[in-house]
Amino acid sequence: MEVLDKISTSQSAAESRDERATVNINTLVVKIESGVGNNTIPMLLLESSFNCTVCNWSGPHMSAIGSADLEVAYYNPKLALWEPVIEPVCQVKPDGTVFKKPWDVSVTLQSNAQDSYSSAFASPSFDNSSDVLDGFCCPDHLPPAMVISLQSREILEVTITKTFIGALTHLTDAFAEVTGTVRKDLPLVAPFILRNDTGKKVTILLDHRGYKFFVHGSQPGQISQLDLHHGNTVELFLFKDRSQQQITSDYVSPLQEQTEQAEATMRLRVSGETGVFELPVSKADRRFFPFPFRGDEMGDHHGMISEVSVDNGCKYITLRSIVQIKNHFERGVNVYVFDGKEKYIRLASLAPDESFNVPLSSVYSTPYEFHFQIDGEGQNLGLEPFNWRRLIIQESHSLHVRCTNKVGVCQL
């Protein structure tokens, strides 16, 4: 009782006053992009929320308690996807659905005065028999001047990939090149560019399950469908209707938007074919979509390919057949097909390193052959036709094509 009385009488009025400050940050977003002007590519993304309460910061007994959520991701330009560095925490609900939330950590801070004997009695290491001698507390057993504690109930999973290291290297190079760079704004590029190389008219259904595609200059939902003829390209934007959702903030996380777009599909109809085709457009890939009930006597199942590629954050979607011809020759090459009667129809003229998507009608027509001709005056058709169905039996099938002309013979 004598020691406690001495401690209570020695406390000043300034030390006994109460101070409290509360900091609450609902959303903290740090997004790093590389590029100049409006032609930028995202690199790194940090999303966090933070709340903290600090007490008695003017006195020797400052304390603080808080918590923070943290989610870090990097952008994979080859797949056009955000990939996590700090993995989100997955929880399974009673109905079996998986719920993801950011990794969280709690933080506590306690500051103790160096001559505070009252803190010694509250210390877990205090022992009444050994620490107190003749009514006095031993200074060697006083608590630390400051204690900081970080605690999380969830496992911290960090994923480091080769692509992530490449993104950091590219970011370092981008910062080195930014000095002296002049800002240059480029025309607005849509996030989706669709090209029709099927040889048939394609009708795009723009509204589906709350997602609305629209062209530049129009409003979402203004038109319900759009016709795209062979060889044409259309730029599309995507809008998510959130009017039925309870949203407390206007900010939409890129990670949340990516999760939502994973459910978005581009629906379209192909002229002359039945049914509606749903094309996933959330990432770069290549898929085959068979046409319903369209087998032939050769056993071929007719269909088209949806090829999604990414360039500067824009997704290029190409609709084509299963046959693609590329010119690896040093000169231009013309591609012909036989109409089955007496004429050879030229499909394309390919420059060196140029590719051509063969229309569906030319792929699935007898005799399933293509004829080649060196571009130039006095050149004749190749003597040997190329039958693409041989590739079904042998993927590495190759053929030397002899192209005659007035001068001599050239081999492809």
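Place a point 7 Å from Cα of ALA21 in the direction of its Cβ. Which residues in segment 43-59 have their backbone N less than 13 Å from it?
Under cut-off, by backbone N: 52-59.
Filter the GluC sites (Glu not before Pro) in segment 258-363 to those in DSSP coil with at most 10 other Cβ atoms within 10 Å of their Cβ, and list the result. Spell out each step's value before the answer.
Details: sites: GLU260, GLU263, GLU273, GLU278, GLU297, GLU307, GLU330, GLU342, GLU354; in loops: GLU263, GLU273, GLU297, GLU330, GLU342, GLU354.
In loop regions of segment 258-363 (DSSP not H, G, I, E or B), the sparsely surrounded GluC sites (Glu not before Pro) are GLU297, GLU330, GLU342.
Determine the gain in length on full extension of the stretch ALA262-GLU354; use 0.36 nm per residue of separation and subtract their C-alpha separation, reporting nm with one decimal. Write down the numbers at each step before the final one.
Working: separation 92, 0.36 × 92 = 33.12 nm, distance 3.25 nm.
Using 0.36 nm per residue and subtracting the Cα-Cα distance, I get 29.9 nm.
Between ASP241 and THR163, how many nm apart are label points set 7 Å from Cα along the C-beta direction?
Simple spin-label model gives 3.2 nm for this pair.
By per-residue mean of other Cβ atoms within 10 Å, what is the highest-first order of 100-113, 386-399? Don't skip to the end; give the middle numbers.
Working: 100-113: 16.4, 386-399: 11.6.
Packing order, densest peptide first, comes out as 100-113, 386-399.
Please work out whether segment 192-320 counts as rounded, prolate or oblate from its C-alpha gyration tensor, where a ≥ b ≥ c are the square roots of the eigenvalues and a/c under 1.5 means rounded, while otherwise a/b larger than b/c means prolate and anything else oblate?
Working: a/c = 2.01, a/b = 1.88, b/c = 1.07.
Prolate, because a/c is 1.5 or more and a/b exceeds b/c.
Kindly state, to the nearest 0.05, the FRET efficiency for THR53 paired with CYS314, given R0 = 45 Å and r defined as their beta-carbon distance. Spell out each step's value before the answer.
Numbers: r = 46 Å, r/R0 = 1.01.
E between THR53 and CYS314, to the nearest 0.05, is 0.50.
Charges only on Cβ, +1 for Lys and Arg, -1 for Asp and Glu: so what's the dipole of segment 192-320 about the Cα centre, in debye to the nearest 20? Don't jump to the answer; show the numbers that get you there.
Numbers: 15 positive and 17 negative charges, 22 e Å.
Here the size comes out at about 100 debye.
Which of the three applies to segment 257-333, rounded, prolate or oblate, going by the alpha-carbon gyration tensor with a ≥ b ≥ c and a/c under 1.5 meaning rounded?
Oblate, because a/c is 1.5 or more while a/b does not exceed b/c.
In nm, what is the difference between 0.36 nm times the number of residues separating GLU377 and ILE392 and their Cα-Cα distance?
Numbers: separation 15, 0.36 × 15 = 5.40 nm, distance 3.49 nm.
Answer, rounded to one decimal: 1.9 nm.
Going by amide H atoms built from the backbone, whose H comes under 5 Å of the H on GLU33, apart from near neighbours?
For GLU33, the qualifying residues are MET43.
Which value in nm describes the separation of the simple spin-label points at ARG209 and VAL92, placed 7 Å from the Cα toward the beta carbon?
Placing both labels 7 Å beyond Cα along the Cβ direction yields 2.4 nm.
If amide H atoms are built 1.01 Å from N in the plane of the peptide, which residues on other chains or at least 5 residues away come under 5 Å of the amide H of HIS61?
Amide H neighbours of HIS61: none.
Can you tell me how much longer the chain between ILE41 and ALA176 gets when fully stretched, taken as 0.36 nm per residue apart minus their C-alpha distance, in nm with one decimal? Don't jump to the answer; show the numbers that get you there.
Working: separation 135, 0.36 × 135 = 48.60 nm, distance 1.61 nm.
Full extension from ILE41 to ALA176 adds 47.0 nm.
Read-outs throughout are calculated quantities, based only on the coordinates presented, and are distinct from any laboratory measurement. Values in this document were obtained by computation on a predicted structure and should not be read as measured data. As a convention, Cβ positions derive from the backbone with ideal geometry for all residues, glycine included, and neighbour counts pool all protein chains shown.
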